[in-house]
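Written out below as structure tokens is the structure these notes cover.
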Amino acid sequence: MSHHREASRSNGHHQLTIGVLALQGAYDAHARTLTSLGAPPRLIRLPHELDGLDGLIMPGGESTTMLKFLDRNGFFSILQAFVKTTPTFGTCAGAILLATGVESPAQRSLAALDITVERNAYGRQIDSTILTAETALPGGPLEMVFIRAPRITHTGPAVETLATRDGYATLVRSGHLMAATFHPELSHDHRVHQLFLDLVRQHPAHNSSTK
Ligand code: GLN
């Protein structure tokens, strides 16, 4: 077991290539956060730019608009195949794209992560808010910035909940996939992005490709 640990640690100095889906929305702030963590990303606007990525972040924004862009050039089905096997982290609209179930209103999705989301669940009055709360992450309370956020109303049996708001999951992980209903890229605390980079490093495909 300790041998295994060492093997994965020695891969740590391999430069990760993370993509940030840059069709629309809050991709710039994700790019800045990844750069400050030593993993300057590739901005992804075309399907072939996914080739060779170790992981992908799908940002917040407007999921309906992102779907329109994804429908243009076969991007939707290529992205759907990509997220089945490659570590992907969806935040807010990106989480809506990853979910197996999307409600209020219902919408097509990549259907990769076993969660159901209710869009714009917090209504107009309190649609944007900042919460600071304890989570499963070590290091104390985490700031969570919600902007017209969806609510995760159901998580499948294999989905691990790492943070909550009012009893509903706000940060989840399942195998090679992660989703947050808040915007970790808008906080100075980079623990959530670090968690994703750790997940990418531990992913079997990444480890075998660096041997
Ligand atoms: N309400 C948006 C949607 O349905 C998500 C909001 C966000 O990403 N900040 O796509």
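Only the coordinates and a few stated rules stand behind these numbers; no lab work does. Given the structure is predicted, the values throughout are model-derived calculations rather than measurements. FYI the Cβ positions are ideal-geometry reconstructions off the backbone, even for glycines, and counts take in every protein chain you see.
Details
- Radius 14 Å from Cβ of residue 143, net charge of other residues (Lys, Arg +1; Asp, Glu -1): -1
- Rel. contact order, % - alpha carbon contacts under 8 angstrom, at least six apart, the chain: 18
- Largest GNM mean-square fluctuation across 200, 159, 117, computed for the chain with C-alpha springs under 10 Å, falls on 159.
- A simple spin-label model places the labels of residue 103 and residue 131 1.8 nm from each other, with each point 7 Å out along Cα-to-Cβ.
- Positive contributions from Lys and Arg (+1) and negative ones from Asp and Glu (-1), summed over other residues with Cβ under 14 Å from the Cβ of residue 153, come out at -1.
- For region 126-176, the relative contact order works out to 28 percent when only alpha carbon pairs closer than 8 Å and six or more residues apart are counted.
- Considering only 54, 71, 189, the mean-square fluctuation computed in a Gaussian network model of the chain, springs between alpha carbons under 10 angstrom, is largest for 71.
- Positive minus negative residues near residue 33 (Lys, Arg vs Asp, Glu; Cβ under 14 Å): -2
- When the chain is treated as a GNM with alpha-carbon contacts under 10 Å, the residue of 190, 48, 154 showing the greatest mean-square fluctuation is 48.
- Sites matching trypsin sites (Lys or Arg not before Pro) across region 111-206 that sit in DSSP coil, with at most 14 neighbouring C-beta atoms within 10 Å: 124
- Approximate spin-label separation residue 84-residue 48, in nm, with each point projected 7 Å along Cα-to-Cβ: 2.3
- Overall dimensions of the chain as given by Cα atoms, namely Rg and Dmax in Å: 16.3, 53
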